[in-house]
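Undergrad: What follows is a single structure, and I will ask about it in a moment.
What follows is calculated from the coordinates using simple rules that are stated; it is not laboratory data. The model shown is predicted, which means the values in this text are computed figures rather than measured ones. Glycine gets a Cβ as well: all are built from the backbone with ideal geometry, and neighbour counts include every protein chain shown.
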Amino acid sequence: MPPPMSSSYRPRKKRRVPPSSGTNNNLILDVGDGKSLPAFPLVSFLWAARAGVSTWLVLPLILMAVGLFRWAVGLWGYSGFQIPPMHGDFEAQRHWMELTIHLPMSKWYTYDLQYWGLDYPPLTAYHSWLLGKIGSLFDPSWFALDESRGFEDPRFKVFMRATVVVSEYLVFIPAIINFLRRYTRMHGVPVWSASIALVAVLLQPATILIDHGHFQYNTVMLGLAVASLDAILAGRMLWACIFFVGALGFKQMALYYAPVMFAFLLGVCTFPRIRILRLLCIGLTTIAAFAVLFAPLIVEASGVEAQEYFKDIPQPPLLQTLPFEVKKDSVFYAPLFQLLQIVHRMFPFSRGLFEDKVANAWCAIHTFYKLHRFDASLLQRASLGATLGSILIPCAIIFRHPRASLMLPALASVSWGFFLFSFQVHEKSVLLPLLPMTLLLSGDGGLSKETRAWVGWINTLGSWTMFPLLQREKLRIPYFVMTFLWTYLLGLPPTSLETYRSRPSSGDSSPAFEPNVLTKILHFCFYLAMIVWHVIEAFVPPPPDKPDLWVVLNVLIGAGGFGIAYLWCLWKLITQCWKIDRKAEEDSQKKKQ
Amino acid sequence: MAELYPSLAQCAIVATAFKILLFPAYKSTDFEVHRNWLAITHSLPVKEWYYEKTSEWTLDYPPFFAAFEWLLSQAARYADPAMLVVSNVNYDSWETVYFQRATVILTELVLVYALRRFIKSVPQPNTHLAHIASLSILLSPGLLIIDHIHFQYNGFLYGLLILSIVQARKQSTLLYSGITFAILLCLKHIHLYLALAWFVYLLRAYCLDPKSVLRPRFGNTFKLGVGVLGVFGLAFGPFAHWNQLLQLKDRLFPFSRGLCHAYWAPNIWAMYSFTDRLLIQLAPRLGLPVNEAALTSATRGLVGDTSFAILPEVTKEHTFALTFIFQVLPLIKLWFNPTWDTFVGAVTLCGYASFLFGWHVHEKAVLLIIIPFSLIALRDRRYFSAFRPLAVAGHVSLFPLLFTTAEFPIKTVYTIFWLMLFLFVFDRVAPVAEQQRIFIFDRLSLLYLTVAIPLIMYCSLLHQLIFGLGRHEFLPLMFMSSYSAMGVVGSWVGFMVVYFAA
């Protein structure tokens, strides 16, 4: 029976504002006779928010939803769970909390280095100190000096997981929201599309799996880097410096971004005309930020006790290689010792070219042509040369055209260069190139099929290369769930082929936004390889004489894909730069007329 | 018709992803209960199902649920045969956990199917309302907390309940509605609470002529009788044949339990107990006689034990009488006005009556009210304003089910997410009422809502910070329980008014 309808029944007025025909749309497919379809599932989830819904409602809901997925991933295993004696990254982070709250700063970078000695920059140390202090309020035995090594307890796990989530919500998420707001406004992208891009960025599987599954605080570093990028968009160069020093001071991996930042800031001071004062300000701010970052450690090291302490322990190798000699009883000995010790801990050049199996050029070459036979210093120089070669073009472009809108492809291509060719790369470092690439989703035409296909493909590939790591930590199911969920939401393979299907009927989408045939073939090959690899890995044991065969295969495919991603980012950068140049030329010609 | 987004399937996919991630979450003893039933039904002959008592969690659901467990156990063999051994008490290998959790997710497809049928059954201009209500049920925090963390099969069972309600909508499927409900009763007898509504509705709308009560339709009566008796015969026949019915009765209706469950369900008796405890404090000043036995009684509330120090004792007969009275009132209206909307209203009110006045009510039973109510909450704004406090109170009252720290953020954030999303959307789409709304009630329900957030904050965080861990633990529980009870009772009164005024 139908519900009774009377004449006084009047449905509330639905405010149906026609979706703005601006860029970054292609979200609504017009199938004729007034019907419209969401282009991919994520669009349907925000379908009701198309118009007339306040950000004050949408944003908290988005943040709660993505938070739930983060916390649920955190229920699973973490790195080194129940694997004595060294455990894993979880234990390393716990150990740093333990050591920073119990020891004077002078001992932070020298204490028992064999057991997870602190090898991250000072901001991580301060962060650990703060978390250790907070954790001690709950239960000091979690961080008892030396006694608590390898400590594992469900309540403690909850605390640690909570620290990651809170750190992320205090740094990464505000930074991303601010960045996206500014970036989308700059590109004239509607707010609704920006919300969609926000969900896509925040559900990026690789970052969630590493930080909330494997256990690390990468999002803090990434968040500071994004905040720096946001400051650049806002034209606040000095803040950009400060935030970027913060990112570097949290995790030295942020160096992947440093060349672009440097080139950009230098470029801003050089083009269109040289501005010495600006350069001076930028330089001084950077130095001051570094000074503030290191100040507590250095000041502490100048104390009498610390001076005595430093005299009796072996010197860091960097101190020995100094061109001048510093006497042990000199006032500068202890601070210098501390500083160089930190730097020595952060950059372990004494380790090999690559650790474990990682999808970069060296590991791939090593598979066919053993690199052991070369001298370590030669390899170092080769790696340095190759890295410089790969980042030269993007850095030069950014230097010559210091435009904020070119930053994302530049950052992505430079960090791909680093990932592929530099020294001592971890599989987790792939998060660095993935972030700027994923942020491209929020740009002009970012949610169009072409960009979505590329960004989705590289994210899938990125988390796929981390599968061997995640699998060791019993994160197999979260890996599949998060990756499938993300690809599903964005309408990508393996869950849907929609992105690669061209729809001639939809009139407004220009062919430029559709992936071309070459892209399609390329992506299909990779998706197919990934699926086949998963099947083989699950059901076929590797040959006994080559137990790592599947991992090596993973690395080879991954390295190939990342190389292509590097080229794509480079190509994006060049074409965008060219477009901007041409537009600027046209504008100036108009003015002349 | 414009398709509605996000579709039911899309939400189900994303929700499933989340539920799979919850595999390693806390699980209550109900997990072991169901594992034990898998083992019993798989390894013992049917005759012994209701006699087996190796584990303390004996089989106490009706035969169809046992058969359902038997079906699952056929698949469980391939996951991990060790879970099917009766003596393997508290066995929880990861295969067992994955298997059992996966079966909850898979059987929930029944709910998705039922909701699809529900959306299709609603005529054109209101389809979007049905769609929204369906999404709210599919994503209900109640089902998430109880099924996917705590562990039960409510998604499947409520799916059948909704299916039966939907089938009651059309004259042509009324028969199936009765049969589905009979099957549901043989799966979980808690639905007996709602049975009177079906009885009255089917009798009036199916067995008697719609125009005159005095003209029975014998053909229909016969079909329904055969169908329902057939279902019961199938379920209980074999046990009757073996003379096991008394044993079944003892297992299904264990009356040795107390008035209130361990955590008080937010009902009248919780308020009653709360008043009693307040009066204990005030008794010396007011000069009231205090029953000393109740003060010292450690068990407080087991049968044969005095549980109230000042207020008069409550017996089972009292609770039955009250439940029955408050079920009959709405049914009288249903008898005279046998429309589908009145029927769903009556089902909801039967749920209310049994939840508020029943004996040993479980807080989980609140879904018995929320889910049928969700189907009609969007009829107009007055329904919605009665629904609002129930949605808050009912879900908040489920929080004590999960007491582990790791699940705390999930239950709170998910519930707040759901409340924010659906209360906002409901508010936006609920049509204007035909009759004048009851002004004061509207405002009260809004006030009630605003109290929720500071209260949750206090009970979950501030209390521990102020008093330290483990001190005065009853205080937050009591606040929550009384607050929720107020909400449920308030929404009940509100809905009664709406129901009888309509």
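Undergrad: How high is the relative contact order of chain A? Use alpha-carbon pairs under 8 Å, at least six apart in sequence, and give a whole percent.
TA: Computed over chain A, the figure is 18 percent.
Undergrad: Given the peptides A:335-341, B:315-321, arrange them by the average over their residues of other C-beta atoms within 10 Å, most packed first.
TA: Ranked from most to least packed, the peptides come out as A:335-341, B:315-321.
Undergrad: For peptide A:484-492, compute the average count of partner chain beta-carbon atoms within 10 Å of each residue's beta-carbon.
TA: 2
Undergrad: Relative to 2.2 N^0.38 Å, what does the C-alpha radius of gyration of chain B come to as a ratio? Two decimals please.
TA: Against the empirical 2.2 N^0.38 Å value, I get 0.99 for chain B.
Undergrad: While we're here: Which one of A:Ala162, A:Ala301, A:Phe271 is farthest out on the positive end of the charge dipole of chain A, using unit charges on Cβ (Lys, Arg +1; Asp, Glu -1) and the Cα centre as origin?
TA: A:Phe271
Undergrad: How large is the direction-averaged shadow of the alpha-carbon convex hull of the protein assembly as shown, in nm²?
TA: Convex hull of Cα atoms, orientation-averaged projection: 54.3 nm².
Undergrad: Roughly how crowded by other chains is peptide B:314-320, in terms of the mean Cβ count from those chains within 10 Å of each of its Cβ atoms?
TA: 0
Undergrad: If packing is taken as the average number of other Cβ atoms within 10 Å across a peptide's residues, how do A:254-266, A:217-229 rank, most packed first?
TA: Ranked from most to least packed, the peptides come out as A:217-229, A:254-266.
Undergrad: Would you please put B:168-180, B:139-151 in order of how densely packed they are, using the mean number of other Cβ atoms within 10 angstrom per residue and starting with the highest?
TA: B:139-151, B:168-180
Undergrad: Let me ask you something else. Just need the relative contact order of segment B:316-501 here, percent rounded to a whole number, with Cα pairs under 8 Å and 6+ apart. Intermediate results must be reported in sequence, preceding the final value.
TA: On the way: 165 pairs, mean separation 50.7, N = 186.
It rounds to 27 percent for segment B:316-501.
Undergrad: According to a simple spin-label model (label point 7 Å from Cα along Cα-to-Cβ), what is the distance in nm between A:Cys281 and A:Lys35?
TA: 5.8
Undergrad: Still on this model: Hey, could you get me the Stokes-Einstein D for segment A:325-425, Kirkwood radius over alpha-carbon pairs, 10 °C and 1.306 mPa s, rounded to whole µm² s⁻¹?
TA: So the translational diffusion coefficient is about 98 µm²/s.
Undergrad: With θ set to phi - 60°, apply the Karplus curve 6.51 cos²θ - 1.76 cosθ + 1.60 along segment A:554-561 and write out the HN-Hα couplings as whole Hz, x wherever there is a Gly or Pro.
TA: In residue order, the calculated couplings are 4, 4, 5, 5, x, 4, x, x Hz.
Undergrad: Jot down the radius of gyration and Dmax of segment A:102-257, Cα atoms only, both in angstrom.
TA: Rg and Dmax of segment A:102-257, Cα atoms, are 17.8, 57 Å.
Undergrad: Assuming R0 = 22 Å, can you tell me the calculated FRET efficiency for the pair B:Ala102 and A:Arg472, based on Cβ-Cβ distance, to the nearest 0.05?
TA: Values: r = 24 Å, r/R0 = 1.08.
Plugging the Cβ-Cβ distance into 1/(1 + (r/R0)^6) gives 0.40.
Undergrad: Sticking with this structure for a sec: Evaluate 2.2 N^0.38 Å with N set to the residue count of segment B:172-230, then give the Cα radius of gyration divided by it. Write out the running numbers ahead of the final one.
TA: Details: Rg = 11.6 Å, N = 59, 2.2 N^0.38 = 10.4 Å.
Here the answer is 1.12, to two decimals.
Undergrad: Same structure, new question: Amide H of B:Leu208 versus every other amide H placed in the peptide plane: which residues, excluding those fewer than 5 positions away on the same chain, fall under 5 Å?
TA: Residues meeting the amide H criterion: B:Arg217.
Undergrad: Let me ask you something else. Quick one: if the Förster radius is 22 Å, what FRET efficiency do B:Thr54 and B:Asp80 give, using the C-beta to C-beta distance and rounding to 0.05?
TA: Numbers: r = 19 Å, r/R0 = 0.85.
Given R0 = 22 Å and the Cβ-Cβ separation, E is 0.70.
Undergrad: So who's got an amide H within less than 5 Å of the one on B:Val361, skipping anything under 5 residues away but keeping other chains? H placed 1.01 Å off N, in plane.
TA: Close amide H contacts, sequence-distant or interchain: B:His261.
Undergrad: On to the next question. What value does segment B:316-501 have for Rg/Rh, both radii from Cα atoms and Rh as Kirkwood defines it?
TA: A ratio of 0.99.
Undergrad: Need one value for B:8-17: mean number of C-beta atoms belonging to other chains within 10 Å of its residues' C-beta atoms.
TA: 4
Undergrad: Over the alpha-carbon set of segment B:27-107, work out the extent along each principal axis and list the three values in angstrom, largest first.
TA: The Cα atoms of segment B:27-107 stretch 29, 22, 22 Å along the principal axes, largest first.
Undergrad: Find me the longest stretch of chain A that has none of the exposed GluC sites (Glu not before Pro), where exposed means in a DSSP loop (not H, G, I, E or B) with at most 14 other Cβ atoms within 10 Å.
TA: A:356-593
Undergrad: Which entries of A:Lys474/B:Lys53; B:Lys53/B:Lys364; A:Lys133/B:Lys27; B:Lys120/B:Lys411 have Cα-Cα distances beyond 27 Å here?
TA: Details: A:Lys474/B:Lys53 36 Å; B:Lys53/B:Lys364 25 Å; A:Lys133/B:Lys27 32 Å; B:Lys120/B:Lys411 31 Å.
Cα-Cα > 27 Å for A:Lys474/B:Lys53; A:Lys133/B:Lys27; B:Lys120/B:Lys411; rest within.
Undergrad: Quick one: 3J(HN,Hα) in Hz for segment B:387-401, Karplus 6.51/-1.76/1.60 with θ = phi - 60°, rounded, Gly and Pro as x.
TA: 6, 3, x, 5, 4, 5, 5, x, 6, 4, 5, 7, 3, x, 4
Undergrad: While we're on this one: Scattering from the C-alpha atoms of segment A:444-569 alone, worked out with Debye: what is log10 I(q)/I(0) at q = 0.10, 0.12, 0.20, 0.23 1/Å?
TA: Each listed q corresponds, in turn, to -0.35, -0.49, -1.18, -1.46.
Undergrad: Hey, can you grab everything whose amide H is under 5 Å from the amide H of A:Leu29? Only 5+ residues off in sequence or another chain; H modelled, so Pro and N-termini drop out.
TA: Counting only residues 5 or more places away or on other chains, the set is A:Leu37, A:Ala39.
Undergrad: Further question: If you line up the Cα atoms of segment A:247-366 on their principal axes, what length do they span on each, largest first, in Å?
TA: 52, 48, 27
Undergrad: Right, here's the next one. Quickly work out the A:Ala538-to-A:Ser588 label distance, labels modelled 7 Å from Cα along the C-beta direction, and quote it in nm with one decimal.
TA: With each label placed 7 Å out from Cα toward Cβ, I get 5.8 nm.
Undergrad: Oh, and also: After finding the eigenvalues of the alpha carbon gyration tensor for segment A:131-190, what semi-axes result from the square roots of 5 times each, listed largest first in whole Å?
TA: Over the Cα atoms of segment A:131-190, the semi-axes work out to 39, 9, 8 Å.
Undergrad: Where does the Debye-calculated log10 I(q)/I(0) of chain A sit at q = 0.06 Å⁻¹, using only Cα point scatterers of equal weight, no solvent?
TA: -0.34
Undergrad: For segment B:1-140, what size does the Cα cloud have along each of its three principal axes, sorted from largest down, in whole Å?
TA: The Cα atoms of segment B:1-140 stretch 56, 31, 24 Å along the principal axes, largest first.
Undergrad: In whole percent, what relative contact order does segment A:257-374 give with Cα contacts below 8 Å and a gap of six or more residues?
TA: Working: 50 pairs, mean separation 21.7, N = 118.
In percent, rounded to a whole number, it is 18.
Undergrad: Can you compute the FRET efficiency between B:Thr404 and A:Ala376 using 1/(1 + (r/R0)^6), with r the Cβ-Cβ distance and R0 = 45 Å? Round to the nearest 0.05. All intermediate terms of the calculation are to be shown ahead of the outcome.
TA: On the way: r = 50 Å, r/R0 = 1.12.
In this case the efficiency is close to 0.35.
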